[in-house]
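Note sheet for the following structure.
The values are calculated or read from the model by the stated rules, or taken from the named source; none is laboratory data. Small disclaimer: the values here were computed from a predicted structure and weren't measured. Neighbour counts run over all protein chains shown; Cβ positions are idealised from the backbone, glycine included.
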Amino acid sequence: MKSLVSSLLPLPGTVWIVSCLFPAISKREDSSRKENRDVSPFDRLTLRARLISESPFGSSTPPVPDKLANRRYGRIGRVPWSLGQTILGTLFTLLPLLALLIGSQLAAPSGGGPPAKPLTRTQDTVGAGIAFVSTVLLEGVLLLAPLLIAVARPAPRSSRREGLRALGFRGIGFFPLLGWLLAGLALAIAANFAYSLLTQMLHLPVQTNSDQLAKLAKYAPLTTLATLAGAVLIAPICEEIFFRGFLEAGLLRNMNGVAAITLSALVFGVSHGDLGSFALIVALGLVLGVARFTSGSLWPGLLIHTANNALAAVVLLPVILPVLLPTAPH
């Protein structure tokens, strides 16, 4: 159970856009509206198919039939940013974070272990503030590429509202959302138990996030609580917008669903820089990726991610509370 912590609509205005893209057709239809009344239904369907087949984002790719498009893009749809923008945004976002993570690990003293006694309340309070602010800043970096590429500077003939919608901010019914939450959380818990059982049977010397946080809780309970608060309140929002809203959707421009979900889950695992929890994080990323691809919305993955981290925090409370609130001597 302790390894649970380790896994820390069509676009609106389509008709208006088409009329702007093809003013000649619009004028011709207006000038000959009377004649078009006599056009056969077959010709009208042909003209409508011609208009719809053109991409509103100026792409030169051939039209994709509806069934094929649904198999390729799922319910995410074709997003306005390109694969090149996706790759550049990912590199400029993750490379500095990984360099900072590796540098901090190399700079840490090799023989430095936890102190012999818990930190004072003042030291722990300062550490908790630093931990939470650091989480906000580091996780907030993940929002830069999605907001800049998809929202602040949208593609031609695309609005900011459409950019937010492409990132996954779209409605979903209550019962489908509840179903995704229960199914996703059940799969995440099953993966955690399977991983824990496998490491025990094979006697693998891995140290997961849960092991590190359990050690931290014994001498810095407030800092541990602040770290968990960031993992529950901040990390799911920023990570889902970047990895599922931006990265996975952008990969679908040139990949099929399986490849995009798998690659985004692998990048999700690598970005955490935790070898001991890598398999668990990738498994969680696969669940979240399938939820995004199948529902088209960001909300199912966001709830699953938040619930998973919250459950992990609850598991650590029995370790934190005795140090934070020691019992009075009898």
Given the conditions (1) surrounded by 20 or more Cβ atoms within 10 Å (Cβ to Cβ); (2) at pLDDT 95 or above; (3) among the β-branched types (V, I, T), and given that T208 satisfies all but one, which numbered condition is not satisfied?
-> (2)
List the number of the failed condition for G273; all other conditions in (1) part of a helix (DSSP H, G or I); (2) more than 14 Å from the chain's Cα centre (by Cα) hold.
-> (1)
Which listed residue is surrounded by 16 or more Cβ atoms within 10 Å (Cβ to Cβ) and either over 15 Å from S297 (Cβ atoms) or under 18 Å from the mean Cα position of the chain (by Cα) (or both), from L142, L182, L137, L148 | L142
Here the residues within the range 206-260 that are part of a loop (DSSP other than H, G, I, E, B) and among the charged types (D, E, K, R) are R253
Selection status of A231, under 30 Å from G89 (Cα atoms), among the aliphatic types (A, V, I, L, M), modelled with pLDDT under 90 and touching a helix residue (DSSP H, G or I) at 6+ places or on another chain (Cβ under 9 Å) | no
The range 131-164, subset among the small types (G, A, S) and in a loop (DSSP other than H, G, I, E, B), residue modelled with the lowest pLDDT | A155
